[in-house]
Amino acid sequence: VMSESNIKLGSGAKLKVRGGGTQSTSKWAYAPAPGVFTIDKDAAQKLGPGGTPLPGADPNKDLIARYRLEELGKRESETETLAANLLIAGVIEHGDTWETEVSAGYNHVQSKDVGVSGYALTPVLNELIRTGEFNPFAPPGQRGSLNTAKYQPTEKTLSELSSADLKASGEVGEISSGPVGLALGFSYTHQKYEDKFDVQSVEGNVFGNAGSSGGGQRYTQAVYTELSIPLHRKLEWQIAGRYDNYSDFGDTFNPKTALRYQVIPQLLFRTSVGTGFKAPLMQDLYAASSLG
């Protein structure tokens, strides 16, 4: 769902309000869960045909088994995502050439991922093998039941972004080849990120699956400007710069200069040189490590 309203408040003033929301459900299917579990050396001596010692198993060592849980079928998961956003912006015209825009926005995205089927708890799986209720080395159809080991892992994620912007643009003078334009701006953002797995996944107890919980937040301030100078009626020179400060990344300044050459109405050339940067993603900084 999405809605946008543009309201004229008076001479030279406008207000824009935009909001929207989405809901989606995704279903995923994967091969049966693979993983590794440890079988007690005494239990391993009873997993062969008719309860005999398992061929090749060292009676003095626990058995490390790599296995795929075909008995539980393919892994199936379902992800539900809810998102909402709101933007409010106001524009005020000053004189003949200047315009000021103030805006505030908010974005919210949350999702929940549930492992519907095909997952199991490794400690319970080990216990079923130890007690003889499940034998991964028996012929298919004779291995026993894994119903008590079934488990549904979950993951919940949250991402929020709040922002405020102020920018102004207009003419600051005129030379023989045309007016000189100037733009100035300031922006502020706050980001929040959370990723939470269930306790069993965090502790590494879900067979063939892993998860980690983490989260963090970031504050950013930025100021930027751009100057447009007409060197000729067909040639325009642009000089720009932007300074950003991240609470968890540091600060950076990036300049840029560009030329715009309108050869004929149907042909335009542009060239520019500048620097840029990309701060680490919130997930890169705040998601805890996991092994699976």
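Brief remarks follow.
- Condition met for Asn60 (in contact with a Gly (Cβ under 7 Å, 6 or more places away or on another chain) and either open to solvent by less than 70 Å² (accessible area, probe 1.4 Å) or more than 25 Å from Tyr30 (Cβ to Cβ) (or both)): no
- Candidate set from the range 162-190 (those that are among the hydrophobic types (A, V, I, L, M, F, W, C) and open to solvent by 60 Å² or more (accessible area, probe 1.4 Å)); member that is nearest to Ser213 (Cα to Cα): Phe186
- Test: residue in the range 33-42 that is among the aliphatic types (A, V, I, L, M), touching a Pro at 6+ places or on another chain (Cβ under 8 Å) and surrounded by 13 or more Cβ atoms within 10 Å (Cβ to Cβ): no
- Tyr193 being of a type in the set (Phe, Trp, Tyr), open to solvent by 50 Å² or more (accessible area, probe 1.4 Å) and either in contact (Cβ under 8 Å) with a residue 40 or more places away in the chain or out of contact with any Asp or Glu (no Cβ under 6 Å at 6 or more places or on another chain) (or both): no
- Some residue of the range 125-138 being part of a strand (DSSP E or B), closer than 17 Å to Gly208 by Cα and more than 18 Å from the chain's Cα centre (by Cα): no
- Residue, modelled with the lowest pLDDT, within the range 237-257, restricted to residues that are in contact with a Gly (Cβ under 8 Å, 6 or more places away or on another chain) and surrounded by 14 or more Cβ atoms within 10 Å (Cβ to Cβ): Asp248
- Within the range 15-31, restricting attention to residues that are modelled with pLDDT of 95 or more and touching a Gly at 6+ places or on another chain (Cβ under 8 Å), the residue that is farthest from Val114 (Cα to Cα) is Leu15.
The values are calculated or read from the model by the stated rules, or taken from the named source; none is laboratory data. Here the structure is a predicted model, which is why all the values come from computation and not from measurement. Please note: Cβ atoms are built from the backbone with ideal geometry, for glycine as well, and neighbour counts cover all protein chains shown. Accessible surface areas use protein heavy atoms only, side chains included; no ligands, DNA or RNA. Shrake-Rupley method; radii C 1.70, N 1.55, O 1.52, S 1.80 Å.
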